[in-house]
Amino acid sequence: MAATPTVVLVHGAFVDASGYAGLIRILQSEGIEVRAPMNPLRGVVSDADAVTRYTTTIEGPILWWGTRTGGAVISHAAPNVRDVTGLVFLSAFGLDIGESCASVGEPFPAPLLALANIPTPYDAPGAVGGPDLFIKIDQFHEAFCADLPDEVAGPMAVSQRPISAAAFTEAATVAGWREIPTWYMVSAQDNAIAPEAEQFMAKRMEAVTETVQGSHAAFIARPDVAAGLILKAVAAA
């Protein structure tokens with residue numbers, strides 16, 4: 001029998017991997033090995049290189065999971081990682097070659113986050129140039145995680161992991177989803193990526209698709225739904 005894959009969770013912009021705690025607990029209770037490395041959030045190519053290096057420490061097959069910009073990263077990294085069984089996207093960017101996280105959403109309604117982010121007055125450390133981006137603290141709850149209670153959203157707003165502006169505009173040179181089985185969870189009440197854009201990306205990659213009635217942070221509010229999709233992908237490995 002083939003070995004059960006290790007699930008590697010790659011977070012996206014404005015958060016770290018701590019938001020995966022509920023999801024990790026569910027997967028571990030099912031006997032699934034899980035890892036949740038830090039995503040540098042400096043650029044699609046460099047972030048993909050960072051998580052690819054991390055996976056060299058993992059034995060056996062790997063199932064990638066990405067949220068927001070983490071989706072672009074896992075799609076870019078996957079072809080360079082041995083024995084990848086699938087890619088799972090939650091409210092995430094699944095870019096084609098030549099697209100950026102900024103350009104893929106242009107044909108669709110602008111989400112609230114497009115008006116709620118603010119650049120830093122300084123250049124982003126470790127990025128190719130330009131500022132970092134944060135979500136305005138007073139708009140973070142509505143723009144990013146409207147279905148979470150105040151006591152959870154408040155600390156998240158003031159402990160953001162910024163992403164470099166260059167990471168949003170850097171074009172993908174690899175589209176791993178073209179060669180690897182995919183699953184996609186659309187967040188129907190997402191204010192960070194237009195749900196229409198998510199549906200477009202999921203349909204284009206011919207992903208097994210489910211919809212959750214939740215915000216961009218549905219993986220925190222509804223870890224049971226997110227875990228269910230991952231477990232389906234694990235079972236298909």
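The values are calculated or read from the model by the stated rules, or taken from the named source; none is laboratory data. Note that the structure is predicted; figures quoted are calculated from it, not measured. Using ideal geometry, Cβ is built from the backbone for each residue, glycine included, and neighbour counts are taken over all protein chains shown. Protein only, heavy atoms only, side chains kept; ligands, DNA and RNA dropped before computing areas. Shrake-Rupley method; radii C 1.70, N 1.55, O 1.52, S 1.80 Å.
Observations, loosely collected:
- Residue count, the range 129-139 (criterion: surrounded by fewer than 17 Cβ atoms within 10 Å (Cβ to Cβ) and over 20 Å from Ala166 (Cα atoms)): 2
- Checking Ala110 against (1) in a loop (DSSP other than H, G, I, E, B); (2) within 27 Å of Gln199 (Cα to Cα); (3) of a type in the set (A, V, I, L, M, F, W, C); (4) open to solvent by less than 50 Å² (accessible area, probe 1.4 Å), the condition it does not meet: (4)
- Condition broken by Ala78, with the remaining ones in (1) touching a strand residue (DSSP E or B) at 6+ places or on another chain (Cβ under 9 Å); (2) of a type in the set (A, V, I, L, M); (3) assigned to a helix (DSSP H, G or I); (4) closer than 20 Å to Ser215 by Cβ satisfied: (4)
- Pair list, Cβ under 8 Å, 6 or more apart: the range 12-35 residue loosely packed, with under 15 Cβ neighbours inside 10 Å, other residue in a loop (DSSP other than H, G, I, E, B) and at pLDDT below 95: Gly31/Thr4
One line per residue, one yes/no per condition, for (1) in contact with a strand residue (DSSP E or B) (Cβ under 7 Å, 6 or more places away or on another chain); (2) over 15 Å from Ala72 (Cα atoms); (3) touching a residue at least 24 places away in the same chain (Cβ under 8 Å):
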| position | (1), (2), (3) |
| --- | --- |
| Glu151 | no, yes, no |
| Ala171 | no, no, yes |
| Ile180 | yes, no, yes |
| Asn191 | no, yes, yes |
| Thr209 | yes, yes, yes |
| Ala218 | yes, yes, yes |
